[in-house]
4 protein chains.
Amino acid sequence: MQIGIVGLGRMGGNIGRRLMRGGHKCVVYDHNPQATEALANEGATGAKDLGDLVAKLTAPRVVWLMLPAGKITEDTLDDLRKLLGKDDVVIDGGNTFYKDDIRRAAQLREQGLHYVDVGTSGGIWGLERGYCMMIGGEDDVVRRIDPVLSVLAPGRGDIPATPDRDGRDPRVEKGYMHVGPVGSGHFVKMVHNGIEYGLMQAYAEGFHILEHKDMAELPEDQRYRIDLADVAEVWRRGSVVSSWLLDLTAGALAQDSSLQHFSTEVADSGEGRWTIEAAIEEAVPAQVLSAALYTRFRSRDIEAFPERMLSAMRFGFGGHKEFPVK
Amino acid sequence: MQIGIVGLGRMGGNIGRRLMRGGHKCVVYDHNPQATEALANEGATGAKDLGDLVAKLTAPRVVWLMLPAGKITEDTLDDLRKLLGKDDVVIDGGNTFYKDDIRRAAQLREQGLHYVDVGTSGGIWGLERGYCMMIGGEDDVVRRIDPVLSVLAPGRGDIPATPDRDGRDPRVEKGYMHVGPVGSGHFVKMVHNGIEYGLMQAYAEGFHILEHKDMAELPEDQRYRIDLADVAEVWRRGSVVSSWLLDLTAGALAQDSSLQHFSTEVADSGEGRWTIEAAIEEAVPAQVLSAALYTRFRSRDIEAFPERMLSAMRFGFGGHKEFPVK
Amino acid sequence: MQIGIVGLGRMGGNIGRRLMRGGHKCVVYDHNPQATEALANEGATGAKDLGDLVAKLTAPRVVWLMLPAGKITEDTLDDLRKLLGKDDVVIDGGNTFYKDDIRRAAQLREQGLHYVDVGTSGGIWGLERGYCMMIGGEDDVVRRIDPVLSVLAPGRGDIPATPDRDGRDPRVEKGYMHVGPVGSGHFVKMVHNGIEYGLMQAYAEGFHILEHKDMAELPEDQRYRIDLADVAEVWRRGSVVSSWLLDLTAGALAQDSSLQHFSTEVADSGEGRWTIEAAIEEAVPAQVLSAALYTRFRSRDIEAFPERMLSAMRFGFGGHKEFPVK
Amino acid sequence: MQIGIVGLGRMGGNIGRRLMRGGHKCVVYDHNPQATEALANEGATGAKDLGDLVAKLTAPRVVWLMLPAGKITEDTLDDLRKLLGKDDVVIDGGNTFYKDDIRRAAQLREQGLHYVDVGTSGGIWGLERGYCMMIGGEDDVVRRIDPVLSVLAPGRGDIPATPDRDGRDPRVEKGYMHVGPVGSGHFVKMVHNGIEYGLMQAYAEGFHILEHKDMAELPEDQRYRIDLADVAEVWRRGSVVSSWLLDLTAGALAQDSSLQHFSTEVADSGEGRWTIEAAIEEAVPAQVLSAALYTRFRSRDIEAFPERMLSAMRFGFGGHKEFPVK
């Protein structure tokens, strides 16, 4: 089928490529003309602006937005609303906050437009491996765009089937799931990323304990120099902690087990934060997911005000004079 | 080669089976004669006690202990020391605390005996999938038992190779690693389990947030009934959080997504606790691994004394009279 | 001066009493006529509804709302807006979310009305000890209501002066602080409560460790039966952890050190949650404050879904058959 | 009564001074002769070594050790054992691990010597305010040294009595408590310090949220510049979070609310760590106390290996190219 794609960054460009490989026709637009041209050279129809993109699509249209969450997505959607017509479908494949999905879908509904939110996991690997997708929207609309979704999804591949799934929605085993009403796709993707933070932090803490095991303060016969690259590799094979994140870790450590070229400051995106807010709204304890988020906050805190405060208190009650600096 | 196995529970029995399938000859003993007999029926040589087991092995002997960590292992080792001779090797494949390994190896060394600690992951799946093993001990001794280790290990299988590993120890890619001196195998296995707790807790918290998303307190358009079995399944395919633990979770949820038949009280074994102690010894922060452990502690606390204390304070300053029960 | 008070619950009633003791004239209203009458019997002027209350106040009026945060406060304010006139002042002394203050103040401003938010700490003890108040609003308006604030505040009392405060705002040492613009009073009160949760949890965990020190699993010479009431009492005297919360704890433990009559389920109010959301907005790590909040969530979770999930995984990889119940 | 004091640092010297003010006779020794001389000039009898100290004491002797926990205390005790005689009492007033107390007391008992452990809180303020003491040892021995303890303790002072304490041990209200057998004094002091960490961290996190409230990323009408010194001061007066630690914080902030002269690296001593180990031994969740400890560990971690690991994983799955440095 024919589909419009707006936003041709790392994710959007590859989504277009994978769709074209699957036989779909893409009309593409990026505010950077070179990005548009690049994909046009690979077989897509380039558009010079949103109006052009809409004009080049046959109604009822399907437009996939793949833009940074927030203002850019919001503004593009506002512009697009004015250009689209009854029964057209807008898909937001970015990392939008699910409450924004709900609000937007209600606005579009007034004009007879449909909105589908697609939480998309797969990163730079999606072009080859396919994208794991969590989808929120009306039943028939999600069915309408199924040709697109089924091409983007990884498919069954050689992943062993889970027992006891007879009679269940077969799309899920191909790597895409229609979760429920608008917003539910991004909600599940949001929690996915929250879990991702927790998993990453669990590995990071464990490897930190291994890495420090040769510190001079330990008794000599309890000190080990542990080859972290080998540990990550061996755990990939038959251990309980094997995972795709571990595969990536094994790769990074094999290149340089000191990881010296990686930043000590770790970014966090909206999903990790929204996951905690969702937990709090539901009164669900989220110790691990929060701790993972806070570690990232801490990694970027240069001022260290709370630590100074602890030092000030220690000085106050104990006269720990070594602490005040100069 | 020939090997003695002491302890024929879930793990020990299957280790014997996998070794025999690999062409090794096993002399086996369990304090429960039926367990010994069962394995004898499958081709092993049964022994009626430790002395008999030692007698049936040709020197220099190799004996694999697969017993619950703690007193039983300790006592068996004490008995075995008196029976073994110079250059014999004792392998502890259980979940022993690595400082106990160090102490024991020093004792055995005085008698010319060798000690190897093997942290063994794989659980009930090891018979088919093979066991991921982390090994501590002297270099030549670990080499001597390589025929045993290589049969128990999962081997390369169809797991994609990690790039940039040329020139590294090939055993690691087959699923077993000689980490370093005595104790280091169990140390790495210990941290492995600590990470396991953290990973499990990350999933549990995330699914809890999904599961609660239809609670009545939320605004109606923000409530979703999410099919947890499908979420677990879809994340197995191309998502960042795919892992073996997720595979298992998907299986459990597919059977019954309410998990009603599983206990609300979660056990913890030594490794999770020792991991935190190791972190503290090294002054390494372990927020996530600790939180995971504490959740298990909390799951078994019926008294809830600290919660009563919070209620008492709230009553004290706020007269929150609803709280004191009757 | 004359002041209207709306809401005569535990807090509002005592605020009225303290104001009358300080020589102020109170016009009071509660939707429960008996509450209004009770305070009228103590010298206040009772009003039969909001209109009556406004009518009995001389312009420019000052009305103190002391209502549960949320819908009731919101509705009352909507009604009041229609009754009040230019330059009248509304004070919200409840536990309102500071972003609601900002929104409301902007609405009132359009009518020439003023809004002051007063975060009020002191609970049931405030009548005697005075109320610690954190205030947000316009400078001259906060000055206008100073006679009211200074009477409600605890005053200097016999609390030792902090050195190096010369030249600073003297109101602060009397127990009330004009923090800044509208919302800032409730913001500081919100963080105050967040800290309160953290402090309470620190004590609860510590006493839990003391309380469990006689458990049968410990080596006999490491078991102690510790008198918790005495510990709390002795720490009140010269120790680093002395505090008002500890005073209250000592009182509760002296009555019954088992705390059997207190609930194991601990409520949380909005402030603890909003504090975490504020931390996340600011990218400030809040490990301890979050952990304290989550403990309360956990205390009320009967389903224990995440724990079941851990059990299901343990069963999946280890065949820990003891876990599935029945 | 007469008492020997070994170790005349910040704590030991002031303990000697307070005892002399209370009419006791002190024989003092420090390995630094100037420290010994300083106290001799204030009325104590100086000793030139341990033997001299023992010789100058009348049997049955009482010797108070006030030394850094660990090797120094251990060595001194070993030397002292050889010099003391039947029924002499050694008091360890330092921050010794309670399991070391138990071991040492057993050794001393063989020689007919007595051991008392005194957990001592009060820091540099103890000379004036008195020391809060938690005591472990035999009943009659603790009674024997009561004259010393009652002088060191703060006494009732003007701290309001806790209701419902009639018939309880009156020593507790004077600020010292005989907890139970040997080790129990240091155990309670250990938990005291664990709680201290938690309380400090709760304040530090809360003030961090206040301090960051004027960050540029927030909407303009939600930004406040909050005077932290004033907040700490106002909370001292009638609020739920008032405490001695808050008094100290208010003092530090009044001097310089930026706390620029205080270190961002925060030390931790044994008690905080041992508290977590005790929690783990007892299977007691200690989320807040652990988080407080880990924050200190993190404050001193320059390498930030786990953060690099997170960056490496993010790069691995998302191609977040901004992260690898250079």
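The values are calculated or read from the model by the stated rules, or taken from the named source; none is laboratory data. The model shown is predicted, which means the values in this text are computed figures rather than measured ones. Every residue, glycine among them, receives a Cβ derived from its backbone with ideal geometry; neighbour counts consider all protein chains shown.
Key figures
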| read-out | value |
| --- | --- |
| The range B:58-77: number of residues that are surrounded by fewer than 21 Cβ atoms within 10 Å (Cβ to Cβ) and part of a loop (DSSP other than H, G, I, E, B) | 6 |
| Hey, A:SER258 over 30 Å from B:LEU210 (Cα atoms) and either within 19 Å of the chain's Cα centre (by Cα) or assigned by the TED database to the domain that holds A:GLU196 (or both) or not | yes |
| Selected residue (criterion: nearest to B:VAL118 (Cα to Cα)) from residues of the range B:25-80 that are at pLDDT below 95 and touching a Phe, Trp or Tyr at 6+ places or on another chain (Cβ under 9 Å) | B:ALA69 |
| Residue in the range B:244-274 that is surrounded by the most Cβ atoms within 10 Å (Cβ to Cβ), counting only those that are hydroxyl-bearing (Ser, Thr, Tyr) and under 19 Å from B:ILE226 (Cβ atoms) | B:THR249 |
| Filtered residue count, the range B:285-304, keeping only those that are facing chain D (nearest Cβ under 9 Å) and either in a loop (DSSP other than H, G, I, E, B) or not polar (S, T, N, Q) (or both) | 10 |
| Residue within the range B:118-138 that is more than 9 Å from every other protein chain (Cβ to nearest Cβ), among the polar types (S, T, N, Q), within 18 Å of B:ILE3 (Cβ to Cβ) and surrounded by 19 or more Cβ atoms within 10 Å (Cβ to Cβ) present | yes |
| Count of the range A:163-190 residues which are more than 25 Å from A:LEU127 (Cβ to Cβ), modelled with pLDDT of 95 or more and in contact with a helix residue (DSSP H, G or I) (Cβ under 6 Å, 6 or more places away or on another chain) | 3 |
| Selection count, the range B:105-117, where residues are buried (at least 19 other Cβ atoms within 10 Å of the Cβ) and either facing chain A (nearest Cβ under 10 Å) or assigned to a helix (DSSP H, G or I) (or both) | 2 |
| Scope the range A:25-41; condition acidic (Asp, Glu) and buried (at least 18 other Cβ atoms within 10 Å of the Cβ); matching residues | A:ASP30 |
| Qualifying residues in the range C:267-283 (those that are charged (D, E, K, R) and part of a loop (DSSP other than H, G, I, E, B)) - the one farthest from C:ILE195 (Cα to Cα) | C:GLU282 |
| Selection status of D:VAL241, touching a Phe, Trp or Tyr at 6+ places or on another chain (Cβ under 7 Å), crowded, with 23+ Cβ neighbours inside 10 Å and either in the same structural domain as D:ALA291 (by the TED database) or in a helix (DSSP H, G or I) (or both) | yes |
| Test set (1) at positive phi; (2) under 24 Å from the mean Cα position of the chain (by Cα); (3) of a type outside the set (D, E, K, R) - D:SER184 fails condition number | (1) |
| All positions within the range B:1-31 that are of a type in the set (S, T, N, Q) and farther than 20 Å from B:LEU80 by Cα | B:ASN14 |
| Yes/no for A:GLU282 being facing chain B (nearest Cβ under 7 Å), closer than 30 Å to C:GLU307 by Cβ and charged (D, E, K, R) | yes |
| The range C:295-311 residues that are more than 27 Å from B:GLY251 (Cβ to Cβ), paired with ones that are of a type in the set (Phe, Trp, Tyr) (beta carbon under 8 Å, 6 or more apart) | C:ARG296/C:TYR197 |
| Selection count where residues are outside any loop (DSSP other than H, G, I, E, B) and free of Cβ contacts under 8 Å to residues at least 12 places away in the same chain, scope the range B:22-57 | 4 |
| Enumeration of residues in the range B:232-265 that are among the acidic types (Asp, Glu) and without any contact (Cβ under 8 Å) to a residue 24 or more places away in the chain | B:GLU233, B:ASP247, B:ASP256 |
| Selection status of B:ALA250, small (Gly, Ala, Ser), at the interface with chain A (Cβ under 7 Å from one of its Cβ atoms), over 19 Å from the mean Cα position of the chain (by Cα) and assigned to a helix (DSSP H, G or I) | yes |
| Out of D:LEU218, D:LEU228, sole residue that is in contact with a Ser or Thr (Cβ under 6 Å, 6 or more places away or on another chain) and over 21 Å from C:GLY206 (Cβ atoms) | D:LEU228 |
| Scan of the range D:186-227 for residues that are surrounded by fewer than 22 Cβ atoms within 10 Å (Cβ to Cβ) and among the aromatic types (Phe, Trp, Tyr), ordered by number | D:TYR224 |
| Tabulated pairs, the range D:93-109, first farther than 24 Å from D:GLY9 by Cα, second among the polar types (S, T, N, Q) and part of a helix (DSSP H, G or I), C-beta under 7 angstrom, 6+ apart or interchain | D:LYS99/C:GLN222; D:ILE102/C:GLN222 |
| Test set (1) closer than 22 Å to B:GLU281 by Cβ; (2) more than 7 Å from chain C (Cβ to nearest Cβ); (3) not in a helix (DSSP H, G or I) - D:THR264 fails condition number | (1) |
| Index of the failed condition, A:ILE195 passing every other in (1) of a type outside the set (Asp, Glu); (2) in a strand (DSSP E or B); (3) facing another protein chain (nearest Cβ under 7 Å) | (2) |
| Count - residues of the range D:163-192 that are outside any loop (DSSP other than H, G, I, E, B) and more than 7 Å from chain C (Cβ to nearest Cβ) | 7 |
| Residue in the range A:138-152 that is β-branched (Val, Ile, Thr), in a helix (DSSP H, G or I), modelled with pLDDT under 95 and in contact with a helix residue (DSSP H, G or I) (Cβ under 7 Å, 6 or more places away or on another chain) present | no |
| The lone exception for C:ASP227 - which of (1) modelled with pLDDT of 95 or more; (2) at the interface with another protein chain (Cβ under 7 Å from one of its Cβ atoms) it fails | (2) |
